[in-house]
Amino acid sequence: MPEQSRCWVCHRSDAEVSAFADVETPRQREILQQISQVTRFRADFIASADVWRKGIPKEFKEYDFKFVTSNADQFKSIRIGNGLLGEIVVPTKLLGEIVDAKKLTVDWLEKVALVLREGDGEVPGFGALSPFEKADRDLLRKMVDQFEAKWRRRIGSDGGGMVDSKRYKSGFDGLNLFDGLEFMIAEGLLYYDVQAQLLDMARRKEISSKPKRGISAVVMDGYPPIPLCSICFSVMRELSSHELAVEPAVTKGD
Ligand SMILES: [Zn+2]
């Protein structure tokens, strides 16, 4: 191809056109905001987790995690005797916080675990997984698999109805308040990591779906092809009565 490095009309180079025309889309900006939000929420979650660990009275250690978190209201009024020291009450605010955080993170994760594992289906608040790269879907599956292998527990409580050859336990089954809290904190972190990965996938998809900017050889009514940048091309197509076509053989970016 002869001199094709600069636009015949405006003389911009391919790199200049790309830089000039690469405008952030509103969706792209929105995703970036969400990514920084997730990063912030994850840090807040870690700070809260520390408060929860320290805040639960040792006397409650043997209570069942599922029981306490699904009957949090009841625990507001339960006091247990502690000899000379009087009574111990689970701080209501603390328990409420744990329950709220669990609803936000664990409940969502339980809903999507099967979809992530299969790499197919709808993720609530995100959309369908199928349009994304296989490598990305594999990574999500790996995140779930490795988490469950590490804890030898399923995220969901039903295992998706499949035969569980690995004999993992289900969700919070049999965990006391302290161990259950650790499992919940780990699931919470996985929740934020999965969210960050999904948002990064959405960000990359948004970028790659933007129209290609650069210089292409353009054919005009049978004249020899001329190099035109995408900006001048769209202006000329609007103004010209000629039929403009990008010559397929030399189209850039293929
Ligand atoms: Zn141009």
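The values are calculated or read from the model by the stated rules, or taken from the named source; none is laboratory data. These numbers come from a predicted model, not from an experiment. All Cβ positions, even for glycine, are placed from backbone atoms using ideal geometry, and neighbour counts span all protein chains on display. Keep in mind that these areas ignore ligands, DNA and RNA; they rest on the heavy atoms of the full protein, side chains included. Shrake-Rupley method; radii C 1.70, N 1.55, O 1.52, S 1.80 Å.
Which of the residues spanning the stretch 1-45 are more than 16 Å from the ligand (Cβ to nearest atom) and touching a Gly at 6+ places or on another chain (Cβ under 8 Å)? Answer for the stretch 1-45, where residues must be more than 16 Å from the ligand (Cβ to nearest atom) and touching a Gly at 6+ places or on another chain (Cβ under 8 Å): just 45. Suppose we keep only residues that are on the phi < 0 side of the Ramachandran plot and small (Gly, Ala, Ser) within the stretch 195-215. Which one would you say is nearest to the chain's Cα centre (by Cα)? Among them, the one singled out is 196.
Pairs meeting the criteria (first residue in the stretch 101-129 and at positive phi, second residue open to solvent by 60 Å² or more (accessible area, probe 1.4 Å) and basic (Lys, Arg), beta carbons under 8 Å, at least 6 apart or on different chains) are 119/134; 119/141. Residue count for the stretch 200-211 under the criterion of being touching a residue at least 40 places away in the same chain (Cβ under 8 Å) and open to solvent by 20 Å² or more (accessible area, probe 1.4 Å): the result is 6.
Quick check on residue 254: is it open to solvent by 60 Å² or more (accessible area, probe 1.4 Å), outside any helix (DSSP H, G or I) and either modelled with pLDDT under 95 or not hydroxyl-bearing (Ser, Thr, Tyr) (or both)?
Numbers: open to solvent by 60 Å² or more (accessible area, probe 1.4 Å): yes; outside any helix (DSSP H, G or I): yes; either modelled with pLDDT under 95 or not hydroxyl-bearing (Ser, Thr, Tyr) (or both): yes.
The answer is yes for residue 254.
Rundown of residues vs (1) open to solvent by less than 90 Å² (accessible area, probe 1.4 Å); (2) at pLDDT 90 or above, yes/no style:
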| residue | (1), (2) |
| --- | --- |
| 50 | yes, yes |
| 65 | yes, yes |
| 68 | yes, no |
| 76 | no, no |
| 81 | yes, no |
| 94 | yes, no |
| 101 | yes, yes |
| 108 | yes, yes |
| 120 | yes, yes |
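Test residue 99 against the criterion of being in a helix (DSSP H, G or I) and within 16 Å of the chain's Cα centre (by Cα), and give yes or no. When the stated conditions are applied, residue 99 does not pass them. Taking residue 48 as the residue in question, decide whether it is of a type in the set (Ser, Thr, Tyr) and touching a strand residue (DSSP E or B) at 6+ places or on another chain (Cβ under 8 Å). So residue 48 does not fit the description; no. Considered as a group, the residues in the stretch 182-239 that are in a helix (DSSP H, G or I) and among the basic types (Lys, Arg) include one that is nearest to the ligand (Cβ to nearest atom), and that residue is 237.
The single condition among (1) open to solvent by 70 Å² or more (accessible area, probe 1.4 Å); (2) modelled with pLDDT of 85 or more; (3) within 26 Å of residue 186 (Cβ to Cβ) that residue 59 does not meet is (2).
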